[in-house]
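Okay, so here's the structure we're looking at.
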Amino acid sequence: MTEHPVPEKWRPANHGPKAAARNRAALVSAAREIYARQGLAAPLSAIARRAGVGQGVLYRHFPDRAAVAAAVLEENVRQVEQAAEAEGATSATVLGVLTWHLTESAAFIGLLHADVAISPQGVPPYAQALSERVERALRGHAPHGGRLEAAGDLMLAVAMVSGAVTGPTREERERRARAAWRLLGVEAEPVRPFEE
């Protein structure tokens, strides 16, 4: 049997290490979208398809479903931290980024409901650490003398707002989140992802 060479124009380009970073970023972005629409039980094949890669690529980056969810959570927390560190950041702009993530990611909502004070043994260590990072980022911008200054009140408010983030569309979830913040007397604007 003679093997016929594959014409160069039909071969996928091998972009080496650059492709690995792009593929990982595409997988995290796709996972956020798929989880927002289908929940955390969404098939990993849907995430790979949405990212434009094969399942083998997904498994090279993430050995299992938990690793994919953890990567999405880590990226969400990183964006909240970046928003808090940005020049001119205010409590409203940081809470706006946090609210965007709440409306986009069911996994993020679950993380922020990890109430360490009530049940520390039931919270996975990585979720506890991520939740603490979110609290530190928000705490740096909490208005002095405001309603959320007392210890524990800030994350309780976040948990209350995340509990209100329900609805079939992103717009409905955002509307409910904004209403919940208003009821707490807190501004969270604009609701958007952090852009460097």
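The values are calculated or read from the model by the stated rules, or taken from the named source; none is laboratory data. On a predicted model such as this, the values are computed, not experimentally measured, just so you know. Positions of Cβ are backbone-derived with ideal geometry, glycine not excepted, and every protein chain shown enters the neighbour counts. Side chains are part of the model used for accessible areas, which takes the heavy atoms of the whole protein and leaves out ligands, DNA and RNA. Shrake-Rupley method; radii C 1.70, N 1.55, O 1.52, S 1.80 Å.
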**OP:** Output the residues belonging to the range 182-194 that are touching a Leu at 6+ places or on another chain (Cβ under 6 Å) and open to solvent by 30 Å² or more (accessible area, probe 1.4 Å).
**Re:** none
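Residue-wise test of (1) under 22 Å from LEU73 (Cβ atoms); (2) part of a helix (DSSP H, G or I); (3) out of contact with any strand residue (DSSP E or B) (no Cβ under 7 Å at 6 or more places or on another chain); (4) modelled with pLDDT under 90.
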{"position": "LEU138", "(1), (2), (3), (4)": "yes, yes, yes, yes"}
{"position": "GLU149", "(1), (2), (3), (4)": "no, no, yes, yes"}
{"position": "MET155", "(1), (2), (3), (4)": "yes, yes, yes, yes"}
{"position": "ALA159", "(1), (2), (3), (4)": "yes, yes, yes, yes"}
{"position": "GLY167", "(1), (2), (3), (4)": "yes, no, yes, yes"}
{"position": "GLU172", "(1), (2), (3), (4)": "no, yes, yes, no"}
{"position": "ARG175", "(1), (2), (3), (4)": "no, yes, yes, no"}
{"position": "ARG178", "(1), (2), (3), (4)": "no, yes, yes, no"}
{"position": "ARG192", "(1), (2), (3), (4)": "yes, no, yes, no"}
**OP:** Just name the residue that is surrounded by the fewest Cβ atoms within 10 Å (Cβ to Cβ) out of those in the range 152-181 that are out of contact with any Ser or Thr (no Cβ under 6 Å at 6 or more places or on another chain) and among the charged types (D, E, K, R).
**Re:** GLU171
**OP:** Would you confirm whether any residue within the range 54-64 is under 22 Å from ARG136 (Cβ atoms), out of contact with any helix residue (DSSP H, G or I) (no Cβ under 9 Å at 6 or more places or on another chain) and not in a helix (DSSP H, G or I)?
**Re:** no
Original post:
Scanning the range 17-32 for residues that are in contact (Cβ under 8 Å) with a residue 24 or more places away in the chain and under 16 Å from the mean Cα position of the chain (by Cα), which turns out most open to solvent (accessible area, probe 1.4 Å)?
Top reply: ARG24
